Each structure stands twice: as C-alpha cells, then as structure tokens.
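Scroll down for the structure; my scribbles are underneath it.
Every read-out reported here was derived from the displayed coordinates using simple, explicitly stated rules and does not represent laboratory data. What you are looking at is a predicted structure, and each value in this text was computed from that prediction instead of being measured.
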Amino acid sequence: MVSLGQSAKWKTWNAIMDAHTCVPCRIRNGKIYEILELILEEPPLHIQCRCRIIFVETIIAGSATNNGHD
C-alpha cells in the first residue's frame, strides 16, 4: 500500500479543470513553487475562481514497493 504525505519543500497551483476554467487558471494549473516562494498572484484570481495552493503530495519512501523491495 502506498502511503502519501505532504512535501515540506514544495507547493503547487491546483485548479478545477473543466469547461468553466479560465485560461489564466489553466496556465497556472500544476505549476510547482518552493514552499517559501512568493506567488505574486495567488488564488482566487477572480470572483468565481476555484483554484488553490496545496502542498505537493509525496510518496513515503519504501511504501510504494512490496515490503520495501521490488
């Protein structure tokens, strides 16, 4: 079983991607920043913005393999 954690070093722009997502939010989706990096335009970018900044998910070492091997 894979164990997930949160990065202490990285954060990412997370947008809800559908037909209502605007171009500026689409462009920023998935962009990764260092945790202390200043983001000049943080969400929400506009009135109906559904974006957020989240910690990058990490896989805890040894949890993605069978008994720490393979």
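A cut-off of 5 Å between modelled amide H atoms, ignoring neighbours fewer than 5 places along the same chain, links Leu45 with Cys51. Close amide H contacts of Thr58 (hydrogens built in the peptide plane, cut-off under 5 Å, sequence separation of 5 or more or a different chain): Gly5, Gln6, Ser7. Listed values for segment 45-56 are Karplus-derived 3J(HN,Hα) couplings in whole Hz (6.51 cos²θ - 1.76 cosθ + 1.60, θ = phi - 60°), namely 7, 7, 3, 9, 5, 10, 7, 7, 9, 10, 5, 5, and x replaces Gly and Pro. One chain, two ends: Gln6 and Ile27. Fully extended at 0.36 nm per residue, the span grows by 5.2 nm beyond their Cα-Cα distance.
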